[in-house]
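First the structure, in the form of structure tokens, and then the observations on it.
The values are calculated or read from the model by the stated rules, or taken from the named source; none is laboratory data. All figures in this text were calculated on a predicted structure; none of them were measured in a lab. Please note: Cβ atoms are built from the backbone with ideal geometry, for glycine as well, and neighbour counts cover all protein chains shown.
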Amino acid sequence: MASVKNQLRSDPDADLLVSTPGALCKALRKRMVRLERLCCLVLDEADTLLDSSFLDLVEEVLMQAPIAHSPKEVADQWDIKTQLVIVGATFPEGLGQLLSKVTDLGRFTTLTSQNLHHLLPHVKQKFIRLKGSDKSSELLQLIKDQGPSSGALLVFCNNASTVNWLGYILDDHKIKHLRLQGQMPAAMRAGIFTTFQKGQRDVLICTDLASRGLDTSRVELVVNYDFPSTLQDYLHRVGRVGRVGSTVPGTVVSFVTHRWDVDLVRKIETAARRRTSLPGMETAIKEPLPKTDLTQTDEQ
């Protein structure tokens with residue numbers, strides 16, 4: 001917290017504070033920062049901030065800010081209330097449950113960009129139907145075809161055990177790579193991704209932990225080694241390539257091994273062909289379900 005103290009001392013009248021949930025909570029607990037007169041609170045990358053890793057911390061922050069219940073309260077110059085802004089490509093299901101504790105969800109205004117949930121037209125989407133036993137050899141061939149002069153490659157798996165197992169396969173073939181998954185300590189994860197960003201390694205095997213909120217402008221190829229279980233996860237994964245600042249359009253290759261993957265593939269292909277948004281993507285903040293008293297019994 002020493003660096004935070006130094007920043008606050010050097011500029012105590014700053015109008016803007018950018019922070020992670022963890023650092024902000026520590027500053028609040030030590031009374032280094034107060035939110036009573038906060039005008040605006042922005043939660044960027046909401047789908048990441050509101051997963052299980054950050055949810056309690058975000059709730060702690062929200063409970064200490066005087067969140068406005070209506071636009072009229074925000075406009076009141078004599079009784080300062082905090083305007084809450086939620087930004088994200090998708091909203092997690094638990095968002096409504098959390099926000100209902102601090103504000104009136106019925107007063108929320110939703111703004112959407114024109115191409116929200118559209119696949120990028122300049123990113124090539126390729127689906128390969130194959131047996132599960134053939135996936136590792138197909139991946140090795142893709143890495144070989146990339147060559148050492150090509151850009152970086154992200155390989156997505158659905159769980160940490162597959163990340164580790166696939167890493168052993170690449171080790172056996174003398175392919176330098178990095179592994180990133182949620183069971184690693186946070187400091188280790190940060191170091192691994194920094195190494196990848198700096199170009200010290202060009203192959204990163206990861207879970208969906210790397211599909212949100214990370215700068216991957218040097219990535220040219222995304223491989224869905226395990227096909228994602230939802231269109232939301234697919235959208236976030238493919239969003240790691242073809243980003244602003246990239247020098248190449250980018251390609252996404254997905255391995256399709258299960259029958260239940262085919263329905264998602266058809267929806268993706270249809271959306272890409274028609275230049276429409278992916279179906280079923282949630283953009284609204286849902287009202288929480290009413291609580292049910294499980295102690296009551298049916299007396300009829």
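Only one residue in A46, A14 is at negative phi, assigned by TED's automatic domain parsing to the domain that holds I67 and surrounded by 16 or more Cβ atoms within 10 Å (Cβ to Cβ), so which one is that?
It is A46.
If only one of A89, A23, A65, A46 is over 25 Å from R212 (Cα atoms) and under 26 Å from the mean Cα position of the chain (by Cα), which one is it?
After applying the criteria, what remains is A65.
Being aliphatic (A, V, I, L, M), under 30 Å from Q83 (Cβ atoms) and buried (at least 16 other Cβ atoms within 10 Å of the Cβ): is that true of V203 here?
no
If the requirement is being modelled with pLDDT of 95 or more and of a type outside the set (S, T, N, Q), which of these qualifies: G132, G151, G147, G167?
The unique qualifying residue is G167.
Tell me whether the stretch 68-85 contains one or more residues that are in contact (Cβ under 8 Å) with a residue 40 or more places away in the chain and assigned to a loop (DSSP other than H, G, I, E, B).
Yes, the conditions are met somewhere in the stretch 68-85.
Hey, S52 hits all of (1) farther than 19 Å from L214 by Cα; (2) not in a helix (DSSP H, G or I) but one; which does it fall short on?
(1)
Got a sec? Which of L8, L57 is farther than 20 Å from G96 by Cβ and part of a helix (DSSP H, G or I)?
L8
Tally time: how many residues in the stretch 65-82 are in contact with a helix residue (DSSP H, G or I) (Cβ under 8 Å, 6 or more places away or on another chain) and surrounded by fewer than 17 Cβ atoms within 10 Å (Cβ to Cβ)?
Residues that pass the stated criteria total 4.
In this structure, is T90 in a loop (DSSP other than H, G, I, E, B) and β-branched (V, I, T)?
Against the criterion (in a loop (DSSP other than H, G, I, E, B) and β-branched (V, I, T)), T90 qualifies.
Of the residues in the stretch 221-238, how many are acidic (D, E) and modelled with pLDDT of 90 or more?
Counting residues in the stretch 221-238 that are acidic (D, E) and modelled with pLDDT of 90 or more gives 1.
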